[in-house]
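Down below is the structure, laid out as structure tokens.
The values are calculated or read from the model by the stated rules, or taken from the named source; none is laboratory data. What you are looking at is a predicted structure, and each value in this text was computed from that prediction instead of being measured. So basically every Cβ, Gly included, is an ideal-geometry build from the backbone, and we count neighbours across all protein chains shown.
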Amino acid sequence: MRKKRDFLTLTDFTAGELLGVLGRAGEIKKGIPGRGPARPLGGRCIGMLFEKPSTRTRVSFEVGITQLGGTPLFLGLNQMQLGRGELLKDTARVLSRYLDGLVVRTFGHDRLEELAKWSSIPVINGLTDLCHPCQVLADLLTLQDAGLDITKMNAAWIGDGNNMANSWISAAGLLGFRLALACPQGYEPSVHADGHNVLLTRDPFEAVRDADAVSTDVWASMGQEEEAEERKGVFRGYQVNRQLIAAARDGVRILHCLPAHRGEEITDDVLESENSLVWDQAENRLHVQKAVLELLFM
């Protein structure tokens, strides 16, 4: 029997595996069949345990699981005994008796790790407060499709040092591309950047200098709503706008994982500009997640 494998962070992949997932995702996007069964999840049921609201993660995983022949089963927190205090380890062991895999979207990363520890089925990170690996896989596929060499590009992150910033750092560590992050003091990423290819600065103009791609996210993530007004003041100088984009390379690609607060972290004209790849980025969630599912279940 094949040993179960989880996907909790990008560092669960080697650089070769990450590039392989992106390559397979590109094939899936083009309709190229894989080496295994056409519907590798045939007869399998994948649970989706979501403790946070979702549009792109939920829909892309449900569609992807279905297209691979499986059955997605949405499990909202308030629909389960977990919402009434049942222990995570008890929930994990029970769900493992029913399901073939589990996608989890939660707050603390420790909750995801606890579920993975006690599950006998593969567990996939659909988002935690620490990292968002599926989204950054989609971002990398988007930039690769746009013609960038994702092992040699210059990428910039502007704004909060949140789960997205952490996953960008992990990706840079694996693939070796240059990454500059501009974050206010006290809002730095929590993932340590090894190597000399990652720069942390307070100056967004320094971060975007020579950038091939600029990415950002909301200033207040889910669970930080009470900080929203305070954060608007802290992050005011970190808006991705025309002035900032003008300091990057010509044709710089613009990314945002959505939903966007237009007029806050990014201006409407930049989000809707010809340089923006946000809609391709959103679509690519479907393709990379199908590639991850194939890897874990074939």
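Restricting to segment 139-161, and then to whatever is surrounded by 24 or more Cβ atoms within 10 Å (Cβ to Cβ) and of a type outside the set (A, V, I, L, M, F, W, C), can you tell me which residue is farthest from residue 237 (Cα to Cα)?
Restricting to residues being surrounded by 24 or more Cβ atoms within 10 Å (Cβ to Cβ) and of a type outside the set (A, V, I, L, M, F, W, C), the top hit is 142.
Which ones in segment 241-262 are surrounded by fewer than 21 Cβ atoms within 10 Å (Cβ to Cβ), of a type in the set (Lys, Arg) and within 30 Å of residue 125 (Cα to Cα)?
262 - this is the single residue of segment 241-262 that is surrounded by fewer than 21 Cβ atoms within 10 Å (Cβ to Cβ), of a type in the set (Lys, Arg) and within 30 Å of residue 125 (Cα to Cα).
Please verify whether segment 61-82 includes one or more residues that are surrounded by fewer than 18 Cβ atoms within 10 Å (Cβ to Cβ), touching a residue at least 24 places away in the same chain (Cβ under 8 Å), among the small types (Gly, Ala, Ser) and not in a helix (DSSP H, G or I).
Yes; the residues of segment 61-82 include at least one that is surrounded by fewer than 18 Cβ atoms within 10 Å (Cβ to Cβ), touching a residue at least 24 places away in the same chain (Cβ under 8 Å), among the small types (Gly, Ala, Ser) and not in a helix (DSSP H, G or I).
List the pairs whose first member sits in segment 125-142 and is in a helix (DSSP H, G or I), whose second member is surrounded by fewer than 24 Cβ atoms within 10 Å (Cβ to Cβ) and among the acidic types (Asp, Glu), and whose Cβ atoms are under 6 Å apart, counting only residues at least 6 apart or on separate chains?
142/280
Can you tell me which residue is modelled with the lowest pLDDT among those in segment 84-103 that are farther than 23 Å from residue 131 by Cα and assigned to a helix (DSSP H, G or I)?
84
Looking at (1) within 19 Å of residue 129 (Cβ to Cβ); (2) free of Cβ contacts under 8 Å to residues at least 60 places away in the same chain, which is the one condition that is false for residue 57?
(2)
Please verify whether segment 8-30 includes one or more residues that are among the aliphatic types (A, V, I, L, M), farther than 16 Å from residue 61 by Cβ and assigned to a loop (DSSP other than H, G, I, E, B).
Within segment 8-30, not a single residue is among the aliphatic types (A, V, I, L, M), farther than 16 Å from residue 61 by Cβ and assigned to a loop (DSSP other than H, G, I, E, B).
Inspect all residues belonging to segment 104-113 and state whether any of them is in contact with a strand residue (DSSP E or B) (Cβ under 6 Å, 6 or more places away or on another chain), modelled with pLDDT of 95 or more and assigned to a helix (DSSP H, G or I). Let's see the steps before the verdict.
We begin by selecting, within segment 104-113, every residue in contact with a strand residue (DSSP E or B) (Cβ under 6 Å, 6 or more places away or on another chain); these are 104-105, 112.
Applying the additional criterion that residues be modelled with pLDDT of 95 or more yields 104-105, 112.
Filter once more, keeping what is assigned to a helix (DSSP H, G or I): 112.
Looking through segment 104-113, at least one residue is in contact with a strand residue (DSSP E or B) (Cβ under 6 Å, 6 or more places away or on another chain), modelled with pLDDT of 95 or more and assigned to a helix (DSSP H, G or I).
Can you give me the number of residues within segment 107-138 that are of a type in the set (Ser, Thr, Tyr) and either crowded, with 18+ Cβ neighbours inside 10 Å or closer than 16 Å to residue 258 by Cα (or both)?
Within segment 107-138, residues that are of a type in the set (Ser, Thr, Tyr) and either crowded, with 18+ Cβ neighbours inside 10 Å or closer than 16 Å to residue 258 by Cα (or both) number 2.
Across segment 190-208, which residue is farthest from the chain's Cα centre (by Cα) among those that are surrounded by 14 or more Cβ atoms within 10 Å (Cβ to Cβ) and among the small types (Gly, Ala, Ser)?
Applying the filter and picking the extreme gives 207.
Suppose we keep only residues that are part of a helix (DSSP H, G or I) and in contact with a strand residue (DSSP E or B) (Cβ under 7 Å, 6 or more places away or on another chain) within segment 263-296. Which one would you say is surrounded by the fewest Cβ atoms within 10 Å (Cβ to Cβ)?
So, considering only residues that are part of a helix (DSSP H, G or I) and in contact with a strand residue (DSSP E or B) (Cβ under 7 Å, 6 or more places away or on another chain), the one surrounded by the fewest Cβ atoms within 10 Å (Cβ to Cβ) is 268.
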